[in-house]
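Worksheet: the structure to be examined is printed underneath.
The values are calculated or read from the model by the stated rules, or taken from the named source; none is laboratory data. Note that the structure is a prediction, hence the values are computed from the model and not measured. No Cβ is skipped: glycine too gets one built from the backbone with ideal geometry, and neighbour counts run over all protein chains shown. What goes into the accessible areas is simple: the full protein's heavy atoms, side chains included, and nothing from ligands, DNA or RNA. Shrake-Rupley method; radii C 1.70, N 1.55, O 1.52, S 1.80 Å.
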Amino acid sequence: MSRALRVAQGSDREKTAERLLNSSADKFYDPEVDIDWNAPLQDGMYYAPDHRISLYGTELWDQLTPGQRIELGKHEVASIASNGIWFEVLLMQMLLKEVYRIDPTTRHAQYALTEIADECRHSTMFARAIEKVGAPAYGPPPILHKLGRLLPVIGYGPALYGSILIAEEILDRIQRESMADEKVQPLVRMVNRIHVLEEARHVTFARQEVVRGMANLRKWELPYQRLLISIVAFAITRSLINPRVYQAVGLDPKHAAEVALKNPHHQETLRWSGERIMKFLDEAGLVGAPGTRWWKASFLLP
Ligand SMILES: [Fe+2]
Ligand SMILES: [Fe+2]
């Protein structure tokens, strides 16, 4: 790439960071004070829309009472939130590494610090919400929890920012729908609303980094980048619903998880949740061989 192009990209990067910093100063939430944590949960209200629950439409679903369906929804929401914390903690590590490397007087570094501060508040908010609804902080399955440690070490470039985007945009789609649903618990809707509003900036930031990273990529790096992001996408979609959630309604976790994985409704939910980000990643050139098998297994690609 020519020096002139690099300078132009650098100044675009600073401009975006400046705009995002202004927006962050203007609009942000403090969940400690903006959420009424003492308000009681509403009896009979949902935690997630029925059609987004992993067993919806299966025979196992038909056997559940209305109360059990609400209970399963609660545990699935808690599982997703606890995995949200997992992703955010990894993301904070990656952003801190970026800040360690670069000039802290750049707007880019300052925005990265601001995003870390946002994610700190989000993870605390998710943790409190899980505690409030009375579910365990399931997190990812143990093997993925171990492998997750590798990501900040082996990840770099557009695949890394692309991976962050997958987690952020999948969550965004699920939370947007839920925050607009009047049958969902007010606490859950408020948590989702706060997260959606603040994540919009993170998405802008990461998308720009993907585009920039792809332009700077050397040809031989592309297969690694494509493979890495497809494996992370697989890990993200597989971790969202921890099989232990099914125990909360008396189902065998292994069997129920198998049923959910084969459930066309659940597969469609995953595809729908990734629809927007997949279009972007595909256009950026990050979707393709040698990662195709992983994308398909993640249900993000048909
Ligand atoms: Fe977040
Ligand atoms: Fe984020």
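Which of the residues spanning the range 55-71 are of a type in the set (A, V, I, L, M, F, W, C), closer than 25 Å to Gln42 by Cβ and not in a loop (DSSP other than H, G, I, E, B)?
Listed by number, the residues that qualify are Trp61, Ile70.
Please go through the range 48-58 and give me each residue that is in contact (Cβ under 8 Å) with a residue 24 or more places away in the chain and either among the charged types (D, E, K, R) or open to solvent by 20 Å² or more (accessible area, probe 1.4 Å) (or both), ordered by number.
Of everything in the range 48-58, those that are in contact (Cβ under 8 Å) with a residue 24 or more places away in the chain and either among the charged types (D, E, K, R) or open to solvent by 20 Å² or more (accessible area, probe 1.4 Å) (or both) turn out to be His51, Arg52, Tyr56, Gly57.
Looking only at residues in the range 164-200 that are under 24 Å from Ala235 (Cβ atoms) and of a type in the set (Lys, Arg), which one is most open to solvent (accessible area, probe 1.4 Å)?
Arg176
Does Arg207 qualify as being open to solvent by 50 Å² or more (accessible area, probe 1.4 Å), at pLDDT 95 or above, closer than 26 Å to Gly73 by Cβ and within 16 Å of ligand 2 (Cβ to nearest atom)?
So Arg207 fails the test.
Within the range 135-163, take every residue that is farther than 17 Å from Leu96 by Cα and without any contact (Cβ under 8 Å) to a residue 40 or more places away in the chain and give me the one that is most open to solvent (accessible area, probe 1.4 Å).
Going through the qualifying residues, I end up with Lys146.
Taking interchain pairs and intrachain pairs at least six residues apart, which have beta carbon atoms under 6 angstrom, with the first residue in the range 180-209 and closer than 18 Å to Ser123 by Cβ and the second away from ligand 2 (no atom under 11 Å from the Cβ) and of a type in the set (D, E, K, R)?
Correct list of pairs: Val196/Arg176.
Looking at (1) free of Cβ contacts under 8 Å to residues at least 60 places away in the same chain; (2) crowded, with 17+ Cβ neighbours inside 10 Å; (3) within 16 Å of ligand 2 (Cβ to nearest atom), can you tell me which one Leu96 breaks?
So Leu96 meets the others, but not (2).
Quickly run through the range 72-84 and pick out the residues that are closer than 20 Å to Arg149 by Cβ and either without any contact (Cβ under 8 Å) to a residue 40 or more places away in the chain or under 9 Å from the mean Cα position of the chain (by Cα) (or both).
Of everything in the range 72-84, those that are closer than 20 Å to Arg149 by Cβ and either without any contact (Cβ under 8 Å) to a residue 40 or more places away in the chain or under 9 Å from the mean Cα position of the chain (by Cα) (or both) turn out to be Asn83, Gly84.
Which one of these does Val191 not meet: (1) within 16 Å of ligand 1 (Cβ to nearest atom); (2) part of a loop (DSSP other than H, G, I, E, B)?
(2)
Conditions (1) out of contact with any Phe, Trp or Tyr (no Cβ under 9 Å at 6 or more places or on another chain); (2) aromatic (Phe, Trp, Tyr); (3) within 21 Å of Ser273 (Cβ to Cβ), marked per residue:
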residue	(1), (2), (3)
Thr65	yes, no, no
Gln68	yes, no, no
Ala81	no, no, yes
Trp86	yes, yes, yes
Leu90	yes, no, yes
Leu96	yes, no, no
Arg107	yes, no, no
Tyr111	no, yes, no
Ile130	no, no, yes
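Out of (1) of a type in the set (Phe, Trp, Tyr); (2) under 29 Å from Arg226 (Cα atoms); (3) within 16 Å of ligand 1 (Cβ to nearest atom), what's the single condition that is false for Tyr100?
Just one mismatch for Tyr100, condition (3).
Can you tell me which residue among Glu199, Glu169, Glu115, Glu119 is at pLDDT below 95, within 14 Å of ligand 2 (Cβ to nearest atom) and in a helix (DSSP H, G or I)?
None of the other options fit; the residue is Glu199.
Let me spell it out: the conditions are (1) in contact with a helix residue (DSSP H, G or I) (Cβ under 8 Å, 6 or more places away or on another chain); (2) part of a helix (DSSP H, G or I); (3) more than 16 Å from ligand 1 (Cβ to nearest atom); (4) open to solvent by 50 Å² or more (accessible area, probe 1.4 Å), and Val89 meets all of them except one. Which number is the exception?
So Val89 meets the others, but not (3).
So Met278 fits all but one of (1) open to solvent by less than 20 Å² (accessible area, probe 1.4 Å); (2) in contact (Cβ under 8 Å) with a residue 24 or more places away in the chain; (3) out of contact with any Phe, Trp or Tyr (no Cβ under 6 Å at 6 or more places or on another chain); (4) not small (Gly, Ala, Ser); what number is the exception?
Failing condition for Met278: (2).
From Leu217, Leu240, Leu251, which residue is open to solvent by less than 50 Å² (accessible area, probe 1.4 Å), under 23 Å from Ile85 (Cα atoms) and in contact (Cβ under 8 Å) with a residue 24 or more places away in the chain?
Result of the check over Leu217, Leu240, Leu251: Leu240.
Just the residues that are near ligand 1 (Cβ under 9 Å from one of its atoms), aliphatic (A, V, I, L, M) and open to solvent by 10 Å² or more (accessible area, probe 1.4 Å), please, taken from the range 109-128.
None - no residue of the range 109-128 is near ligand 1 (Cβ under 9 Å from one of its atoms), aliphatic (A, V, I, L, M) and open to solvent by 10 Å² or more (accessible area, probe 1.4 Å), so the list stays empty.
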